[in-house]
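Down below is the structure, laid out as structure tokens.
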Amino acid sequence: IVAIAKRRIAASTTYRGVYKGVEHLRDTNPAITLSIFELNFPISHVDLLQVFKAHLRSIPRPTASEANPEPKVVCVLDSIVSNPGVLLPWKDMVRVCREEGVYSVVDAAHSIGQEMNIDLEEVQPDFWFSVCDISPGFVHA
């Protein structure tokens, strides 16, 4: 992704560790810019999607060059915001990203075990990652 993307988008609610990773990409590559999508609660899913789409459309698209003939914009979004613990309409946000020609990277760390019937073939995010582990304190014999 780093080789072909010039713009990164993260929400103000993005998990700090993930956000720091996005910042590091920007800080180590001066050609990359970062756009923060301010997400303030409470907000309805309908309003959130409208504001999200407007934000994506407001971002200037990178200019194609010989070195980067098809530049892309990349959006990192949460499935469930860890603080304040809100399920985002991430499936619809992925659809909006696709409509706007933006790569979607879904941080679904909290989705396993919290969301039922996750069908990635249906949603088709460009990238989706989660965590599956069992703490010894939760194992029952």
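Computed from the coordinates by the stated procedures, all read-outs in this text should not be read as laboratory data. Please read these numbers as outputs of a predicted model, since none were measured by experiment. Neighbour counts are summed over all protein chains in view; Cβ atoms, including those assigned to glycine, are modelled from backbone coordinates with ideal geometry.
Overview of values
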read-out	value
Normalised alpha carbon radius of gyration of the stretch 33-137 [divisor 2.2 N^0.38 Å]	1.19
Value of [θ]222 nm, deg cm²/dmol, for the chain, DSSP H segments ≥ 4, -39500 (n - 2.57) each, nearest 500	-8500 deg cm²/dmol
Peptides 79-92, 27-40, 114-127, 96-109 ordered by average Cβ neighbours within 10 Å, highest first	96-109, 79-92, 27-40, 114-127
The stretch 66-139 - charge dipole about Cα centre, Lys and Arg +1 at Cβ, Asp and Glu -1, debye rounded to 20	180
Simple Cβ-charge dipole of the chain, Lys/Arg +1 and Asp/Glu -1, about Cα centre, in debye nearest 20	460
Antiparallel content of DSSP bridges confined to the chain, in %, to 5	10
Between 0 and 90°, nearest 10: helix 45-58 axis offset from the chain longest Cα axis	30
Cα extents of the stretch 60-118 along the three principal axes, largest first (Å)	45, 21, 17
